[in-house]
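For reference, the structure is listed below as structure tokens.
The values are calculated or read from the model by the stated rules, or taken from the named source; none is laboratory data. Since the model is a prediction, treat every value here as computed from it, not as a measurement. Cβ: placed from backbone, ideal geometry, glycine included. Neighbour counts: every protein chain shown.
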Amino acid sequence: MPDKLANSGQVLVLNCGSSSLKFALIDPRNGNASLSGLGDALGHSAPTVSWKIGGDKHSATLKEGAKHTEVIEFVVTNILAAQGALLQDVSAIGHRIVHGGEKFSHSVRINDQVIRAIQDCVALAPLHNPAHLQGIEAATKAFPGLPQIAVFDTAFHQTMPRQAYIYALPYELYEEHGIRRYGMHGTSHRFVAERAAAILGKARADVNIISAHLGNGASIAAIQAGKSVDTSMGLTPMEGLVMGTRCGDIDPGILLHLGVRLDYCAKEINDLLNKKSGLLGISQLSNDCRALEQAAAEGHRGAQLALDIFCYRLAKYIASYHAVLSMVDALVFTGGIGENSSWIRENVLKRLRGLGYQINQVRNLEMRFGAEGAIEDVSDDSSSPKVLVIPTNEEWVIARDAAQIINGDDSPVPAPLAGGD
Ligand code: ADP
């Protein structure tokens, strides 16, 4: 099959949050970023833009209250236009969209109908989807006529069977209000599952993978024959693993206890569970895994407890996904923690020896230092399942989906198989 991406230009990838906008100019053929940057503190008194181009770092302050539109204008006028060739190279805009509900099972070209559908999902992602819509509007003004593609965090998980996504609640809550498991981090899980299949020398449809995306947000997915069949995040990103500041799974009775007995209002409960819990809440020190590892090594008991709970809960999820998949080819670690923390990997895996996991100490430590030609397989040769460490690259998936769609392939888009630089 001819490479449909051979003549693609660059894709400007936008990830719009409520007060931030990450941007990157990506070559869809290899994932290389010629430009990457962040608009931050948007809507506040001193919004900033920082960016990296050709290895050089730059930053600027925007006018008070500037939002997504101003950042995109700045990117066009002060960054891309200043590098004329780059602006001409932009062939599409790829938007990361957090929630596509049940409406999107793959990436799509944005039109009025898609915008309405993203609006319909605002109730499911009240902080993110409105910001994405602002980003789409701003990009439409800045790049009139250029195709825009939406890539949904939830899309990869749309293959989950009902037994995985229906909560044990009155069924009308699903039918009337869409309350079900949707899952997030789909773009990352999809990317690493593809890479894992390539590393294992198998077709995507021939591998079963457990993918653990461990960053500030963390989720795990059971992937059968290349398709997501279960994942730990639910209606919202709060469910599942212990995260930097989110609680993950808790007894729902705690919410009633907080509200009824301790007089917390809804906003206070939301702040507690989303921003004050997880590693930060347990340790009373930090949400940052690296800082906690250092503190634990120096004897900080809260830090040690937080890390132990993180590993314990993750190991329980991995073991439960063996029941989901019945046969597992590989466990993949990705995200800032998964890619970098040999301590977390080792302490999770030592609980899972009974399932056949055998970590290789040397390979595991080498990954930690990001050595040249880093070893992706950190398990012993005798380990079954294998244990892989794969740096995620969501921007590349977004760029590649966008390029494939503008090149005329509107079918579900597989993630790239070739390794990036
Ligand atoms: P986000 O979800 O915000 O994208 P990242 O994927 O960047 O988060 O992951 C951030 C997490 O990765 C932090 O907890 C950070 O401490 C952790 N991390 C990064 N490098 C290391 C390291 N060398 N050792 C342990 N943890 C690390």
More than 16 Å from the ligand (Cβ to nearest atom), crowded, with 22+ Cβ neighbours inside 10 Å and in contact (Cβ under 8 Å) with a residue 60 or more places away in the chain, is that true of Y321?
yes
For residues that are in contact with a Gly (Cβ under 8 Å, 6 or more places away or on another chain) and among the basic types (K, R), scanning just the range 307-346, find the one that is farthest from Q358 (Cα to Cα).
R313
So is V324 out of contact with any strand residue (DSSP E or B) (no Cβ under 9 Å at 6 or more places or on another chain) and among the β-branched types (V, I, T) or not?
no
Can you work out which of the residues in the range 279-302 that are under 27 Å from Y357 (Cβ atoms), of a type in the set (A, V, I, L, M) and within 12 Å of the ligand (Cβ to nearest atom) is farthest from the chain's Cα centre (by Cα)?
A297
Selection from the range 100-140 of residues that are buried (at least 23 other Cβ atoms within 10 Å of the Cβ), over 29 Å from S34 (Cβ atoms) and modelled with pLDDT of 95 or more
none
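For the range 203-240, which residues satisfy the criterion of being part of a strand (DSSP E or B) and within 18 Å of R345 (Cβ to Cβ)?
I209, I210, S211, A212, H213, L214, A218, S219, I220, A221
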Complete set of residues in the range 121-140 that are among the small types (G, A, S), under 19 Å from the mean Cα position of the chain (by Cα) and assigned to a helix (DSSP H, G or I)
A131, G135
Identity of the residue in the range 203-245, over 15 Å from the mean Cα position of the chain (by Cα) and within 16 Å of the ligand (Cβ to nearest atom), that ends up farthest from M184 (Cα to Cα)
T245
Is there a residue in the range 199-218 that is touching a Leu at 6+ places or on another chain (Cβ under 6 Å), over 24 Å from W396 (Cβ atoms) and surrounded by 15 or more Cβ atoms within 10 Å (Cβ to Cβ)?
no
For the range 382-411: of the residues being farther than 22 Å from I318 by Cα and β-branched (V, I, T), which is farthest from the ligand (Cβ to nearest atom)?
I406
